[in-house]
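The structure under discussion appears below in the form of structure tokens.
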Amino acid sequence: MLTLTLILALSALGVGIVARLARAELKRLLRAVAGGLAALGALALVASFLVVVPAGHVGVPVVFGRVRPHSLGEGLHLVNPFAVVHTMTVRTETYTMSASHDEGAVKGDDSILSLSADGLMMPLDITVAYRVLGPDAPWLFRNIGPDYVDKVVRPAARTAVREAIAGFTAQESYSTRREELATRMDELLTLRLHELLGQHEDFADRRGFVIEQVMIRNVQLPGKVKDAIEEKLSAEQQALRMRFVLERERQEAERKRIEAQGIADFQRIVSAGISEQLLAWKGIEATERLAESSNAKVVLVGNPKNGMPLILPVAEK
């Protein structure tokens, strides 16, 4: 922008000199052209002091090859007209290493071949979600460069994945402890990045990057190994289901035993409280209520067995 300003100023000056040597009509035309060029030069000069940083980015000012220590946030800024402002994204970015030819950042098979704890070589497809910290952007630009992904993120990620997978078996990586493996990769990648960037003397307490998540996209296993793991998992699920069924039946049997015991206790208590005198008294009460009833009946008094009356219903005609 400053170069354009100088060009316009020189052009306006040249047109002004020519206008002095030309005829009257041509002088007026050339003076108008010179005025226009001067106005454009003034606007270009003002614009050279301004810079706009787009959303989701920070600006890194560089003046005569020297990186300024403080980054510029998004929006309009007043800067040194000799500064060149480089933009760096601070949005969440992803870097994928995959065996599929059109998925990863590198064309072709870019999966990570790793050795598991049980000695099996496994290619893994991994995606790393990360973002640059805005305050550390000038330091990264000066010490690592704009291609920091290829220089730092990629090698640190591949190293962390291989270190993490060494502590897990093929079955654990494929199914039972997959989330735990991803968490371990995340921890190791953060550690490796800190160690790598910490080799610089002026790194101090900077972080540079934030690793948001390491995602295991695919664990590639030989067909026989994969089938064996799936059969083993299926057998374990069947055993767990059978254990659940047996436990449920045991609880049901225990419930029935307790219920039967309760019924037996009830019957024993009731039987102990029933006597001949109580039965005779209840019979007398029933006879009294029957005598007061308007229903047709036949009462035979003098039952030889227990002395209670016999009550016979009368059939209706």
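The values are calculated or read from the model by the stated rules, or taken from the named source; none is laboratory data. Just so you know, these numbers come straight off a predicted model, no measurement behind them. Neighbour counts run over all protein chains shown; Cβ positions are idealised from the backbone, glycine included. Please note that ligands, DNA and RNA were not included when accessible areas were found on the heavy atoms of the full protein model with its side chains. Shrake-Rupley method; radii C 1.70, N 1.55, O 1.52, S 1.80 Å.
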Do we find that Arg192 is basic (Lys, Arg), part of a strand (DSSP E or B) and either closer than 28 Å to Val58 by Cα or in contact with a His (Cβ under 8 Å, 6 or more places away or on another chain) (or both) in this structure?
no
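Let's see how each residue does on (1) at positive phi; (2) surrounded by 17 or more Cβ atoms within 10 Å (Cβ to Cβ); (3) touching a Lys or Arg at 6+ places or on another chain (Cβ under 8 Å):
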{"position": "Val84", "(1), (2), (3)": "no, no, no"}
{"position": "Thr87", "(1), (2), (3)": "no, yes, no"}
{"position": "His101", "(1), (2), (3)": "no, no, yes"}
{"position": "Gly104", "(1), (2), (3)": "no, yes, no"}
{"position": "Gly108", "(1), (2), (3)": "yes, no, no"}
{"position": "Leu113", "(1), (2), (3)": "no, no, no"}
{"position": "Ser116", "(1), (2), (3)": "no, yes, no"}
{"position": "Thr127", "(1), (2), (3)": "no, yes, yes"}
Scan the range 191-210 and tell me whether some residue there is at negative phi, open to solvent by less than 80 Å² (accessible area, probe 1.4 Å), in contact with a Phe, Trp or Tyr (Cβ under 8 Å, 6 or more places away or on another chain) and among the acidic types (Asp, Glu).
yes
Within the range 89-99, which residues are crowded, with 16+ Cβ neighbours inside 10 Å and touching a Gly at 6+ places or on another chain (Cβ under 7 Å)?
Val90, Thr96, Met97, Ser98
Does Ala182 satisfy the condition of being in a helix (DSSP H, G or I) and aliphatic (A, V, I, L, M)?
yes
Answer with yes or no whether Ala228 is out of contact with any Cys (no Cβ under 8 Å at 6 or more places or on another chain), closer than 27 Å to Val132 by Cα, small (Gly, Ala, Ser) and at pLDDT below 85.
no
Flag for Val67 being touching a residue at least 40 places away in the same chain (Cβ under 8 Å), among the β-branched types (Val, Ile, Thr) and surrounded by 12 or more Cβ atoms within 10 Å (Cβ to Cβ)
yes
So, restricting to strands (runs of 3 or more DSSP E) that lie completely within the range 74-175, which ones have at least 2 residues that are modelled with pLDDT of 90 or more and under 23 Å from Arg217 (Cβ atoms)?
93-97, 121-132
